[in-house]
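Shown next, in structure tokens, is the structure this report addresses.
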Amino acid sequence: MNLRTKEGVAAFLESNVGNVAFLRFEVEGLKQGPLSDWDITVRDSPQALLSCEEVFGASWLRIPRQYVVQHYYEWGQVDLLPSFQWNGFEYLDQGKFWEGVATSPDGVPRPALGHDAFITWMTGLLWGGRFNPRYTDFIKAGARRDEAIFRESLEDAFGAELAAKLYHLAAEGRAEEAVQMVSQMRTSLSLRRLGKQPLQSVLSVMKHWACELKFHLRTPFPWIGILGPDGSGKSTVIDGLSEKLKLSRIGIRSIHWLPQLSKNTVLSEVVVTDPH
């Protein structure tokens, strides 16, 4: 059972009635590719976490953070989002978001188009300072066809002046140009949240960084050492492992460790057929 099948989606929704909404899922021409992940907003995180394990079984790896709980299964990655934050600063109000959630004819609960497009845009910009061109038309559709919600989200997060500039970029299909404004957006969001909700924002930021510190001090990712002489098949094993993990979207960082037994020790540039 997994989310790559209609039966898996139906089973997950049945165990989470009124508790979840799928982001940018099979909407406005967007399709789930063979390596796509799932971003799912949740009202009740514990319930969603429990249902994930009940429906799909234990994940290979689970990474809990304040703004997302990432599940890595053999068949793909599922991100459960309890809130919309950047470093502890909320960029979209949960109450307003859930007011716009409705169940589509295919039985899948989805947010208002304006919210969906806004979240898609902000996720890349605020967190990574980047933009995925794949979402240009989706963001443009959200800005034009759900203008009121899209504008309201921008203004609440960044103020009227900056929101107006961002809106025009989105509506004109120039969303990628907002990458140049990321620093200004982050500053504006932080100051506005501290001004409107000082205590709540400070506590949220502190919780965020406490969670991040714990994550980095005790990372859940495994280190795997593959040792052997030249030509013994280490690279073949690594390639096979990488292929096996591709669907799960677990990132792999391969580091070649070579004991410096002498100054003449160098990395091999070809497959060694006569190992020393």
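The values are calculated or read from the model by the stated rules, or taken from the named source; none is laboratory data. These numbers come from a predicted model, not from an experiment. For neighbour counting, all protein chains shown are included, and Cβ atoms are generated from backbone atoms with ideal geometry for every residue, glycine included. To get the accessible areas, we keep the full protein, side chains included, count just its heavy atoms, and leave off ligands, DNA and RNA. Shrake-Rupley method; radii C 1.70, N 1.55, O 1.52, S 1.80 Å.
In table form, for the structure just shown:
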{"read-out": "Mean separation of Cα contacts under 8 Å, 6 or more apart, over the residue count of the chain: relative contact order %", "value": "17 percent"}
{"read-out": "Gyration tensor (alpha-carbon) shape descriptor, segment 4-68, a/c threshold 1.5", "value": "rounded"}
{"read-out": "For segment 30-39, Karplus couplings with θ = phi - 60° (6.51, -1.76, 1.60), whole Hz, Gly/Pro x", "value": "6, 10, 7, x, x, 10, 6, 9, 10, 9"}
{"read-out": "Inter-probe distance in nm under a simple model that places probes 7 Å from Cα toward Cβ, at Val179 and Ile255", "value": "2.9 nm"}
{"read-out": "Accessible area of segment 171-256 belonging to carbon and sulfur atoms, whole % at 1.4 Å probe", "value": "60 percent"}
{"read-out": "Within straight-line cross-link reach of Lys207, aspartates and glutamates at Cα separation under 14 Å, skipping those fewer than 8 residues along the same chain", "value": "Glu90"}
{"read-out": "Mean Cβ neighbour count within 10 Å, used as a protection proxy, ranking 147-156, 188-197 highest first", "value": "147-156, 188-197"}
{"read-out": "Share of carbon and sulfur in the accessible heavy-atom surface of segment 75-155 [1.4 Å probe, %]", "value": "48 percent"}
{"read-out": "Of Leu247, Asn87, Phe150, farthest towards positive along the dipole that unit charges on Lys, Arg, Asp, Glu beta carbons give the chain", "value": "Asn87"}
{"read-out": "Per residue accessible area of the chain, 1.4 Å probe, in Å²", "value": "57 Å²"}
{"read-out": "Label-point separation, Arg4 to Gln200 (7 Å along Cα→Cβ), nm", "value": "4.1 nm"}
{"read-out": "Loop-resident sites, segment 157-248, for GluC sites (Glu not before Pro), counting at most 14 other Cβ within 10 Å (DSSP)", "value": "Glu172"}
